[in-house]
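K.L.:
Before we start, here is the structure in question, set down as structure tokens.
The values are calculated or read from the model by the stated rules, or taken from the named source; none is laboratory data. These figures come from a predicted structure and were not determined experimentally. Here the Cβ positions follow ideal geometry from the backbone for every residue, glycine too, while neighbour counts run over all protein chains shown. With ligands, DNA and RNA removed, areas are computed over all heavy atoms of the protein, side chains included. Shrake-Rupley method; radii C 1.70, N 1.55, O 1.52, S 1.80 Å.
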Amino acid sequence: MKRGDIWLWLAAALVFAFLYIPLVIVVVYSFNDSRLNAEWVGFTLSWYKALFNNSEMLTAAGNSLIIALSASFSATVLGTMAGLAIHRYNFKVLPVLVFTPVAMPEILLGVALLLFFLQVLNLTLGMVSIIIAHTTFCIGFVAIIVRARLQDMDESLFEAARDLGASSWQTFRLVTLPLIAPALAAGALMSFTLSIDDFVITFFTKGVGEPILPIQIYTMIKVAVTPEVNAISTLLMLLTLVMIIIAARLDSRASSSEMKTSR
């Protein structure tokens with residue numbers, strides 16, 4: 001191995017250590033048999049048992065799950081329509097309109113949505129406002145994935161369907177939709193992951209009412225980072241990791257399927 005490669009590997013190892021060591025510490029101390037995170041006392045599952053007996057935390061998790069499922073479904077439908085429109089029509093302003101919420105700072109988007117809900121729609125903040133807000137910033141991510149999949153597809157497939165007498169709807173239902181289905185699933189999973197642990201936009205659009213998981217965790221750590229916080233963080237981390245792995249595998253499978261179809 002060359003000397004330059006050694007330094008490159010060392011730099012990469014330091015970067016990955018910086019990224020993942022804090023997460024490993026959270027996971028390890030979620031099994032620590034002590035209320036303090038200062039030292040390791042022994043292994044226990046009691047914090048997970050306490051977590052599943054915490055009715056307020058379970059309610060917050062249930063509300064976050066409802067919000068994430070609703071927002072991911074809405075964002076998948078609207079994001080797919082946006083991705084198809086961007087791919088089909090050469091309106092230069094359309095990508096800007098769709099992708100801007102993705103690049104916009106979350107705090108700015110949260111404040112803008114808060115003012116829009118209160119001053120324009122006169123909407124009471126709660127579950128509905130959070131679902132609308134999460135759908136807003138998730139649409140762009142789904143549109144990016146769908147548009148990328150459409151760009152890799154062979155246009156002759158659609159031309160062949162139309163030559164065989166298929167209408168626009170039949171071409172979409174029988175050709176386009178099955179080919180982009182893995183991308184839709186990947187976009188839905190990505191939206192779910194982004195929604196369920198979003199804090200900033202949820203904070204601005206929540207109002208007072210039902211507890212939401214990220215806000216509930218923030219409330220708990222204002223007192224102290226207890227092992228119970230470590231336990232819920234570990235479960236949330238595990239859920240996010242599973243979603244990302246499934247989304248990546250679906251996207252990879254879609255790419256392989258597209259390559260076989262184009263041959």
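This table checks each residue for (1) over 30 Å from residue 231 (Cα atoms); (2) at pLDDT 90 or above.
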position: 28; (1), (2): no, no
position: 32; (1), (2): no, no
position: 49; (1), (2): no, no
position: 70; (1), (2): no, yes
position: 96; (1), (2): yes, no
position: 101; (1), (2): yes, no
position: 113; (1), (2): yes, yes
position: 117; (1), (2): yes, yes
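K.L.:
Restricting to the range 113-122, what's the tally of residues that are closer than 24 Å to residue 70 by Cα and either open to solvent by 50 Å² or more (accessible area, probe 1.4 Å) or within 18 Å of the chain's Cα centre (by Cα) (or both)? Let's see the steps before the verdict.
P.N.:
Kept after step one, since they are closer than 24 Å to residue 70 by Cα, are these residues of the range 113-122: 113-118, 120-122.
Right, trim to either open to solvent by 50 Å² or more (accessible area, probe 1.4 Å) or within 18 Å of the chain's Cα centre (by Cα) (or both) and you get 115-116, 118, 120-122.
Result for the range 113-122: 6.
K.L.:
To continue, here is another question. Go through the range 83-106 and give me each residue that's open to solvent by less than 70 Å² (accessible area, probe 1.4 Å), free of Cβ contacts under 8 Å to residues at least 40 places away in the same chain and within 17 Å of residue 180 (Cβ to Cβ).
P.N.:
Of everything in the range 83-106, just one residue is open to solvent by less than 70 Å² (accessible area, probe 1.4 Å), free of Cβ contacts under 8 Å to residues at least 40 places away in the same chain and within 17 Å of residue 180 (Cβ to Cβ), namely 85.
K.L.:
Further question on the same structure: Tell me which residues, restricted to the range 44-63, are open to solvent by 40 Å² or more (accessible area, probe 1.4 Å), β-branched (Val, Ile, Thr) and without any contact (Cβ under 8 Å) to a residue 40 or more places away in the chain.
P.N.:
Matches in the range 44-63: none.
K.L.:
Same structure again: Name the pairs: first residue in the range 158-174 and closer than 17 Å to residue 87 by Cβ, second residue open to solvent by 70 Å² or more (accessible area, probe 1.4 Å) and in a helix (DSSP H, G or I), Cβ to Cβ under 8 Å, at least 6 apart or on different chains?
P.N.:
Note: pairs meeting the criteria are 161/170; 161/174; 171/162.
K.L.:
Considering the range 51-62 alone, what residues qualify as being assigned to a helix (DSSP H, G or I) and more than 17 Å from residue 225 (Cβ to Cβ)?
P.N.:
Narrowing the range 51-62 to residues assigned to a helix (DSSP H, G or I): 51-52, 55-62.
Matches in the range 51-62: 52, 55, 56, 58, 59, 60, 61, 62.
K.L.:
Here is a list of conditions, (1) assigned to a helix (DSSP H, G or I); (2) loosely packed, with under 14 Cβ neighbours inside 10 Å; (3) among the aliphatic types (A, V, I, L, M), and residue 41 meets all of them except one; can you say which number that is?
P.N.:
Result: residue 41 passes all but (1).
K.L.:
Among the candidates 139, 66, 145, single out the residue that is surrounded by fewer than 17 Cβ atoms within 10 Å (Cβ to Cβ) and in a helix (DSSP H, G or I). Give the steps one after another, and end with the answer.
P.N.:
Numbers: 139 fails: surrounded by fewer than 17 Cβ atoms within 10 Å (Cβ to Cβ); 145 fails: surrounded by fewer than 17 Cβ atoms within 10 Å (Cβ to Cβ).
From the options 139, 66, 145, the qualifying one is 66.
K.L.:
Sticking with this structure for a sec: Could you say whether any residue in the range 203-218 is under 18 Å from the mean Cα position of the chain (by Cα) and open to solvent by 50 Å² or more (accessible area, probe 1.4 Å)?
P.N.:
yes
K.L.:
Do you know which residues across the range 221-233 are surrounded by fewer than 17 Cβ atoms within 10 Å (Cβ to Cβ) and in a helix (DSSP H, G or I)?
P.N.:
221
K.L.:
Select from the range 164-202 the residues that are under 24 Å from the mean Cα position of the chain (by Cα) and surrounded by fewer than 17 Cβ atoms within 10 Å (Cβ to Cβ) and list them in ascending order.
P.N.:
Of everything in the range 164-202, those that are under 24 Å from the mean Cα position of the chain (by Cα) and surrounded by fewer than 17 Cβ atoms within 10 Å (Cβ to Cβ) turn out to be 177, 178, 181, 199, 200.
K.L.:
Look through the range 148-163, keep the residues that are among the aliphatic types (A, V, I, L, M) and open to solvent by 30 Å² or more (accessible area, probe 1.4 Å), and return whichever of them is farthest from residue 207 (Cα to Cα).
P.N.:
The first filter runs over the range 148-163 and keeps only residues among the aliphatic types (A, V, I, L, M), leaving 148, 150, 153, 157, 160-161.
If we keep only those that are open to solvent by 30 Å² or more (accessible area, probe 1.4 Å) too, we end up with 148, 157, 160.
Working: 148: 37, 157: 49, 160: 52 Å.
Going through the qualifying residues, I end up with 160.
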